[in-house]
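Asks: Before I ask anything, let me first share the structure, which is written out below as structure tokens.
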Amino acid sequence: MIPISLYTGFNQRPSDLLTKKEPYKKYFIICEGANTETFYFTNLIDNKRELGFRSTVDIILMEKTGEHKNLSYAKSLVKFAKDKRNELIEKEIFNAETDVIIVIFDLDIFNAKVKDIDEIFKEEDDHLIFGFTNPEFELFLLLHIKDSYNQVIKPNEEIILNNQRIGNKRPCEYYLWQQTNMNSKKNPLIGDLSKELLMAIEQEKYLNQDKEMCLEKISSNIGQILEKIIRDER
């Protein structure tokens, strides 16, 4: 059995207790990072109704625990997700006909060390999809700040794509710190940015969202995935 903690906000509100119902579709999220992504998605789950997610949709953060807590290599994450999916199917927690696992990872490692991104993307199917950021998740967080694309990302596009450290931080982490005065790796309050998800979704459309060019351009498709979940009417 793979150790993991499931974080979900489904049916946790007092009003839900009056008319409890099962979600028609569940989205399980597995992230590369152990801190920043967890801060963000736990906050998003807590506020999902205000953000427009339907009450019949459950978003579940699969927090890695034990020896898997710091698992980050994308290929290992995909194997982890498949193993966990099989386990959840056996336990009747994951519906193989409707539910989806979303694996979220950074692409910065692929430019320098790893060349098998195409092979990883071939692992996608209707129930296992990949959210990516190039270079790092903090790029997606920056998009939650008003006009950050025009004022921060676009003017520093080359610096961001090269991803060389500014002091002890990568560029997106550095620019995010400038905008929020928070260390995204350590401060859980960075998760409050999720309340501006709709702004991030719109600003992300200025970036590359196509996996075919994701290593060549500043890229993010996480907002695109979340927007599809918001609009899912099945």
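The numbers here are math on the coordinates, done by the rules we state, and not lab data. It should be emphasised that the depicted structure is a prediction, and the values quoted were computed from it without experimental measurement.
Asks: Taking the Cα centroid of the range 98-153 and of the range 184-213, what is the distance between the two, rounded to the nearest whole Å?
Replies: Each part's Cα centre sits 11 Å from the other's.
Asks: At 222 nm, what value in deg cm²/dmol follows for the chain if DSSP H runs of at least 4 each add -39500 (n - 2.57) and the sum is divided by all its residues, to the nearest 500?
Replies: On the way: 10 runs with 83 residues, N = 234.
Result for the chain: -9500 deg cm²/dmol, rounded to the nearest 500.
Asks: Below 8 Å between Cα atoms, with a sequence gap of 6+, how large is the relative contact order for the range 4-231 in percent?
Replies: Over the range 4-231, the number comes to 23 percent.
Asks: Going through the cross-link list Lys195/Lys228; Lys48/Lys185; Lys75/Lys195; Lys82/Lys211; Lys48/Lys228; Lys82/Lys122, which pairs have a Cα-Cα distance over 25 Å in this structure? Intermediate values should be presented prior to the final figure.
Replies: On the way: Lys195/Lys228 17 Å; Lys48/Lys185 23 Å; Lys75/Lys195 31 Å; Lys82/Lys211 21 Å; Lys48/Lys228 14 Å; Lys82/Lys122 13 Å.
In this structure, Lys75/Lys195 exceed 25 Å between Cα atoms.
Asks: Working from Cα positions, state the angle (0 to 90°, nearest 10) between the long axis of helix 171-180 and the longest principal axis of the chain.
Replies: Its long axis makes an angle of about 80 degrees.
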